[in-house]
1. Is one or more of the residues making up region 274-284 among the aromatic types (F, W, Y), modelled with pLDDT of 60 or more and open to solvent by 100 Å² or more (accessible area, probe 1.4 Å)?
2. Going through region 219-240 one residue at a time, which ones are touching a helix residue (DSSP H, G or I) at 6+ places or on another chain (Cβ under 9 Å) and either crowded, with 20+ Cβ neighbours inside 10 Å or at negative phi (or both)?
3. I'd like to verify a number: residues in region 174-201 that are over 28 Å from the mean Cα position of the chain (by Cα), open to solvent by 20 Å² or more (accessible area, probe 1.4 Å) and among the hydrophobic types (A, V, I, L, M, F, W, C), how many?
4. Report, by residue number, each residue of region 120-139 that is of a type outside the set (S, T, N, Q) and either in contact with a Ser or Thr (Cβ under 6 Å, 6 or more places away or on another chain) or surrounded by fewer than 17 Cβ atoms within 10 Å (Cβ to Cβ) (or both).
5. Do we have V151 as within 22 Å of P273 (Cα to Cα) and modelled with pLDDT of 65 or more here?
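The values are calculated or read from the model by the stated rules, or taken from the named source; none is laboratory data. Fair warning: this is a prediction, and the values are worked out from it, not measured in the lab. Backbone-built Cβ (ideal geometry, glycine too); neighbour counts: all protein chains shown. Heads up: the accessible areas ignore ligands, DNA and RNA and are worked out on the full protein's heavy atoms, side chains in. Shrake-Rupley method; radii C 1.70, N 1.55, O 1.52, S 1.80 Å.
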Amino acid sequence: MAVGARSGHDEPDRRPESPEQGPDRGPGEDGTDPGTGPADGLADGGSGDDGDDERSGRGGHGPNRPRSFWKELPLLIGIALVLALLIKTFLVQAFSIPSDSMMNTLQRGDRVLVDKLTPWFGSEPERGEVVVFHDPGGWLEEANTPEPNVVQKVLSFIGLMPSAEEKDLIKRVIAVGGDTVSCKEGGKVVVNGKELDESAYLHPGSVPCDPAFGPVKVPEGRIWVMGDNRQNSLDSRFHMELQGGGTVSNDEVVGRAVVIAWPVTRWSTLPVPDTFDQPGLSQALAAAPAALGFTGALPLVLWRRRKQTARLEREPVRHIAER
C-alpha cells in the first residue's frame, strides 16, 4: 500500500469536531487528503514541504536565490570608485614624472606614490624628502599642458591617473623654515653652515649649484627645493625674483613621494639620504630656543643670588656659628 493512502473501511469515517482537527479528515471529493492537500507540494513538483523549501532556499522560487553577477557588477564598480576616490583624497595618489629634473633618482615616465595622509596629522616637509607640490605661481608659465579627454579626466579625478590639468612639480627638500641655505660657484650646498655631501643622489656629472646663490634665509612655513639633476632643473634657484624668494609654502605641498610603483623593474622606496642626518645640521635651529631659554632664566638666577646674599648679611653671627 502506498504511503499516505487510506483504505476507507479499516476504521470508521470521522468528521472533525473543530477546524483544528483537520489532519483527521477523510479524503475530499477530488481524491486528495484535506489534511495534507496542497501542502504536500507534489502538484508543483516540490518535495512536499513548501515551508522548508523557502527557509532552505532549495525551491525554484525561493527568496535566497543568488543574484546574477551582471546585476552585482555595477554595485561593485561603484564601491571600487568610491574607495579609489577616498584613497586618492586622503591616503596616496599616483603621479607621473614628466621630465628629467630628478634623474637618476626618478626617470621620465616613472610612476610614484605620494603619501597624502601624514600632512593631515600636521606633518611638515623635512630636509631630504622628495615632495610633490603645486605650482607656487610662475614656475610653470611656459609649460605646455595637453588638454585631457573625458576618460583622462574621470581617471584623474578618482586617482587612477595623474592629474592632467593641475600643474604639479616634484623636487627634493634641501632646507626648511628657519634654515639658511647657500652655495658658492664650484662649491657644495651649505645648510646652516654645514656642507651637504650630495653624491648619493645627484645625477652623475651634475655640480651642486650652477649658478651660485644665497645665503637665503628660508621663512617659517616654507621650503627650499632643488632637483637632483641640477643642470636640468628649474627649481628654487631660478625663481628667487618671485614672491617667496624661490621658496614654496608648506600649504602647496601635496605630499611626500615614498615609492616608485611603475615600471616594476624600477620599484624602490625613496628614503631620506644620510647627508641630512649629519650632526649639527639643525644646530642653528636648536640654538635659538636654547638662547631664549637662557635669557629668560638669567634674571631669575640673579634675583635668587641677591636674595641669598641679603639674608646672609642680616644673620652673620648665626651663619658663622652654624659653620
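1. Taking every residue of region 274-284 in turn, none turns out to be among the aromatic types (F, W, Y), modelled with pLDDT of 60 or more and open to solvent by 100 Å² or more (accessible area, probe 1.4 Å).
2. Selection gives R222, I223, W224, V225, M226, R230, R237.
3. Going through region 174-201 one residue at a time, the tally reaches 1.
4. Hits for region 120-139 are W120, F121, G122, E124, E126, D135, G137, G138.
5. On the way: within 22 Å of P273 (Cα to Cα): no; modelled with pLDDT of 65 or more: yes.
When the stated conditions are applied, V151 does not pass them.
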